[in-house]
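Working notes, structure below.
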Amino acid sequence: MVVEDEFIIADEIAGIVVDAGHEVVGPFGSIEDATASLAEEDKPDLVILDANLRGKSSIPLARKLRELGVRLCLCTGYRSDDLRSEFGDVAILHKPVNARALMSLIERTLGNPS
């Protein structure tokens, strides 16, 4: 699942996930849309989540995903010190997202489907 409010970035991330051989749920541009999808769909294998969506912190959603046992990657265009204090065990990618770093994260997390 991709949760990112900037369409170009969301499309780029989704493309990398597809190139890695996995299906994409979304992308979703808001916390509300992503939360609604979680209620309707099977639990995703991995959520790539922008830490700030439309001016709102997505940390409450990250906490919910963690409670559900969903693997998580946080993306941010800002400093990640605050994120690391609570989510030190979660992969944090900085924008602009490096395709190789994301591909490597996906392969480590989900494996290579081919």
Fill in: Count - residues of the range 47-68 that are in contact (Cβ under 8 Å) with a residue 12 or more places away in the chain and either part of a loop (DSSP other than H, G, I, E, B) or crowded, with 20+ Cβ neighbours inside 10 Å (or both)
12
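Just to be sure, is Ala34 part of a helix (DSSP H, G or I), aliphatic (A, V, I, L, M) and touching a Phe, Trp or Tyr at 6+ places or on another chain (Cβ under 6 Å)?
Values: part of a helix (DSSP H, G or I): yes; aliphatic (A, V, I, L, M): yes; touching a Phe, Trp or Tyr at 6+ places or on another chain (Cβ under 6 Å): yes.
When the stated conditions are applied, Ala34 passes them.
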Discussion item. I'm told Gly111 meets every condition in (1) on the phi > 0 side of the Ramachandran plot; (2) modelled with pLDDT under 85; (3) surrounded by 14 or more Cβ atoms within 10 Å (Cβ to Cβ) except one. Can you identify the failing condition by its number?
Written reply: (3)
Discussion item. All but one of (1) over 19 Å from Ser37 (Cβ atoms); (2) in a helix (DSSP H, G or I) hold for Asn112; state the number of the condition that does not hold.
Written reply: (2)
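When you look at Ala10, is it aliphatic (A, V, I, L, M) and exposed (fewer than 13 other Cβ atoms within 10 Å of the Cβ), yes or no? Outline the logic, then answer.
Numbers: aliphatic (A, V, I, L, M): yes; exposed (fewer than 13 other Cβ atoms within 10 Å of the Cβ): no.
No: the conditions fail for Ala10.
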Discussion item. Between a residue in the range 86-113 that is over 16 Å from Met1 (Cβ atoms) and any residue that is exposed (fewer than 15 other Cβ atoms within 10 Å of the Cβ), which pairs come within a Cβ distance under 8 Å, given they are 6 or more apart or on different chains?
Written reply: Ile92/Arg84; His94/Gly77; Lys95/Gly77; Met103/Asp19; Asn112/Gly21; Pro113/Gly21
Worksheet entry | Number of positions in the range 69-85 that are touching a residue at least 12 places away in the same chain (Cβ under 8 Å) and either small (Gly, Ala, Ser) or loosely packed, with under 13 Cβ neighbours inside 10 Å (or both) | 4
Item to complete: Report yes if some residue within the range 25-40 is touching a residue at least 12 places away in the same chain (Cβ under 8 Å) and farther than 26 Å from Tyr78 by Cβ; otherwise report no.
Response: no
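The values are calculated or read from the model by the stated rules, or taken from the named source; none is laboratory data. As the structure is a computational prediction, the values presented were derived from the model and not from experiment. So basically every Cβ, Gly included, is an ideal-geometry build from the backbone, and we count neighbours across all protein chains shown.
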